[in-house]
Amino acid sequence: MTSARDGTTRATTILVAGTASHVGKSVVTAGIARLLANQDVAVAPFKAQNMSNNARVVVSPDRDAEAKDHDVGAEWGEIGVSQYVQARAADATPTTDMNPVLLKPRGNGESQLVIHGQATEHFEPGTYYDVHWETAREAAIASHRRLEAEYDVLIAEGAGSIAEINLLDRDLANIETARFADAEIVLVGDIERGGVFASLYGTLELMPADVRNQVAGIVINKFRGSKAVLEPGIEEFESMTGVPILGVLPAEDPGLPEEDSVSLPAEGEHTVFGGEDGISETRSVHVAVPRIPFISNFTDLEPLAAEPGVRVHYIPLTTELAEYDAVVLPGSKNTVDDLLALRDADFGPKIRAFDGPVVGICGGYQMLGDRIENAGIESTAVEGTVPGLGVLPVSTTFSAEKAVSRTTCEVEGSGPIVDADGTASGYEIHMGDARFLKPVAHPLEETSAHQEAVLGTYLHGLFENQSVRDAFVGTLFERAQESAPEQSDRAGSPYERAAALLETHLELKAVTGLWAHLGSQ
């Protein structure tokens, strides 16, 4: 706990900021959270504003008397996947207060605004700061206040660069958080991009003076080679700036889920995930994932890519499917527009001719069906009814109401997951209701439909369930007439690997809010 400027006692807030996007802020945040949790510190993540189509459904806490109308009455809400992951690293129950403002891009510059987990409206380019920013700022401050009352330490994650001088007066995730939380700042730079000392120095110089004075230390990330080579630069940098460099992290991926589509191939490119297990390609199975334009919640595929011998291919929509062992059609932020893109690429005949297992998740499930009705609710390109890909006898009717919930269902294995049993848990985020046009199997209760080798489900997080994942992977290896490899040693959870990375390579004592809790480090 620390003393605020007004003399009151408050939780310590550490803001992990960056010189740019994708420099490793999420890994540092999760690693610090787990280090503190391992010392029985009450710690929680916080990100005032996030932009991502990878979301998780979490509990919406009770609101106090000051809460706005849009905060009230919802049991579940959406947050960015990184804050969900960081909450698990912190051994904290994830809530919507951990990511009070979420922007979900829809394409053409338009985004959906989610406040305290609830979708409010869509906004056009340029209107967010003029119309919505004050509401977003109030929501972030209210959430931070509630978290302060419950936890001893908050690990806040910034967004992009903390030194975007065109946004300094309205940078909610960085500058505003640093100020209203009175946060100590850990600044992260990515040496893999080159010019790390210049980017760090320039970032410090461009920050507002009051926020610059809150920088407690710097982390250099993604280094390959001998740290001795960097020592002269580190000494000179510390002498020039007066800011200590807390350490140099090697280019090691602890395996945390990715936040943004920056990690995916661009449309029209082919990228493979998995393959670091030493298993030959001839003994591996290959899952094709069409790279639809508005892909979302692609973290659903990460548990598969982590399986020994499984390769997940993100493929252009024009790719032939015969060489693959299975197809997974992922979630979509704009299901109708992605369906139109698949039809324009003549994907329908290919998926109907494919003789292997096919799984559609959420928007992918809707696209696999016979048709989508009321398409104009989601898309400006078409109204009325749009034919689906025609491999499941399901009709989806869109409505303005959005389903957001955590879900646990009984599993009755069939089709691609024939050997699965027990229960499966995950979350639902979708618009539209399914109507079954003829009797079908429901291996995951009413969230699903199965016919022949095709399974559709609204259950995000499907492959995080061990029984379902084992059954699906087993089906693929049996079809390929190969024996499934033994599980590789994953060296513990990704949270422990992130914590071990920081504990080995960083000296956090310069960050006083951490040193009070990690003084034995």
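The values are calculated or read from the model by the stated rules, or taken from the named source; none is laboratory data. This is a predicted model, so every value here is computed, not measured. All Cβ positions, glycine included, derive from the backbone under ideal geometry; neighbour counts span all protein chains shown.
Candidates in the stretch 391-426 are the residues that are among the aliphatic types (A, V, I, L, M) and either exposed (fewer than 13 other Cβ atoms within 10 Å of the Cβ) or assigned to a strand (DSSP E or B) (or both); of these, the one that is farthest from the chain's Cα centre (by Cα) is 394. Specify which of the listed residues (164, 121, 134) is assigned to a helix (DSSP H, G or I) and assigned by TED's automatic domain parsing to the domain that holds residue 239. Unique residue meeting the criteria: 134. Can you name the residue in the stretch 364-381 that is among the hydroxyl-bearing types (Ser, Thr, Tyr) and crowded, with 18+ Cβ neighbours inside 10 Å and, of all such residues, is modelled with the highest pLDDT? The selected residue is 365.
Could we say that residue 141 is touching a Leu at 6+ places or on another chain (Cβ under 6 Å), part of a helix (DSSP H, G or I) and either modelled with pLDDT of 95 or more or among the aromatic types (Phe, Trp, Tyr) (or both) here? Taking the combined requirement at face value, the residue does not satisfy it.
Within the stretch 449-468, being more than 20 Å from the chain's Cα centre (by Cα), in contact (Cβ under 8 Å) with a residue 60 or more places away in the chain and more than 23 Å from residue 350 (Cβ to Cβ) holds for no residue. The residues in the stretch 236-251 that are small (Gly, Ala, Ser) and within 16 Å of residue 190 (Cα to Cα) can be counted, and the count is 2. Among residues of the stretch 218-241 that are on the phi < 0 side of the Ramachandran plot, those with a beta-carbon under 9 Å from a residue that is among the hydroxyl-bearing types (Ser, Thr, Tyr) and surrounded by 11 or more Cβ atoms within 10 Å (Cβ to Cβ) at least six positions away or on a different chain give the pairs 218/241; 237/201; 240/201; 241/201.
Filter the stretch 192-230 down to residues that are of a type in the set (Val, Ile, Thr) and assigned to a strand (DSSP E or B) and give me whichever is surrounded by the fewest Cβ atoms within 10 Å (Cβ to Cβ). That would be 215.
Going residue by residue through the stretch 268-291, is there one that turns out to be part of a strand (DSSP E or B) and assigned by TED's automatic domain parsing to the domain that holds residue 501? Checked against the condition, which is being part of a strand (DSSP E or B) and assigned by TED's automatic domain parsing to the domain that holds residue 501, the stretch 268-291 yields no hits at all. For the stretch 129-158, give me each residue that is of a type in the set (A, V, I, L, M, F, W, C) and under 24 Å from the mean Cα position of the chain (by Cα). Residues satisfying the conditions are 133, 136, 139, 140, 141, 142, 147, 153, 154, 155, 156.
Summed over the stretch 331-350, the residues that are under 18 Å from residue 287 (Cβ atoms) and more than 28 Å from the chain's Cα centre (by Cα) give a count of 1.
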